[in-house]
Amino acid sequence: MRILLLLRHAKALPSSPHGDFDRQLAPRGWRQAEKFGRWLAEKSFAPDLVLASTARRASETADAVMSVPGASPERRNESALYNAEAEGILAIAQMAGAAANVMIIGHNPGIAELALALADDDDKPTRQKMARKYPTCACAILQFGTSGWNKLSLGTGKLLAYVTPASLDRAELDD
């Protein structure tokens, strides 16, 4: 079994004097990503490998998610993830090696498009919710029965969860 987490970077500042690539996380983005990291640890979805775009907002999202005590996945920064299309992100995922759980931190529209393309049709309401909106710090968690990442193919992922900052806030209220 393989678990793939497709995380859109957390909320970033609207601009940077150095351009889009260097936009940093907003304070709200740091809080979102740290909360998501705690949720991952609680739900046992913690990744073995994190592949993060080299854009500052994605790199800082990885830092915040991995700041949870006990989180120690391997991390690789992938310049090809910056504004990558779904096909490019899929190619990167297919080279993930031996890791069982892989998190990719990237950008829309590529992350959302890949999540929708990989998910099977079993959970139509969640797929529709993902198609309507994939906000910052949203994550699709998909499970695959494949023996290796190189065999990853479209429409074969069971959608285990679609987590957004709003859904984490609602879950906190329910506790």
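For the stretch 77-175, applying the loop criterion from DSSP together with a ceiling of 11 other beta carbons within 10 Å to the trypsin sites (Lys or Arg not before Pro) yields LYS133.
Once you list every other residue whose beta carbon is under 15 Å from the beta carbon of ASP123, what net charge do they have if Lys and Arg are +1 and Asp and Glu are -1? Cβ neighbours under 15 Å give a net charge of +2. Express the Stokes-Einstein translational diffusion coefficient of the stretch 54-175 in µm² s⁻¹, to the nearest whole number, given a Kirkwood radius over alpha-carbon pairs, 20 °C and a viscosity of 1.002 mPa s. The calculation lands on 140 µm²/s.
Electrostatic bookkeeping for ASP22 treats Lys and Arg as +1 and Asp and Glu as -1; over the other residues with beta carbon under 13 Å from its beta carbon, the sum is +1. Estimated from helices alone, the mean residue ellipticity of the chain at 222 nm is -10500 deg cm²/dmol (sum of -39500 (n - 2.57) over DSSP H runs with n ≥ 4, per residue). When only alpha carbons are used to place a centre, the stretch 1-53 and the stretch 66-97 end up 11 Å from one another. Computed from backbone phi, the HN-Hα couplings of the stretch 22-35 come to 9, 5, 9, 5, 6, x, 4, x, 4, 4, 4, 5, 5, 5 Hz, rounded to whole numbers (Karplus: 6.51 cos²θ - 1.76 cosθ + 1.60, θ = phi - 60°; Gly and Pro given as x). Here the Gaussian network model covers the chain, with springs between Cα atoms less than 10 Å apart; of ALA93, ALA26, ALA112, ALA26 fluctuates the most.
None of the figures in this text is laboratory data; all of them are computed from the coordinates on show. These numbers were taken from a predicted model, which means no experiment stands behind them. Methodologically, a virtual Cβ is constructed for each residue, glycine included, from the backbone with ideal geometry; neighbour enumeration extends over all protein chains shown.
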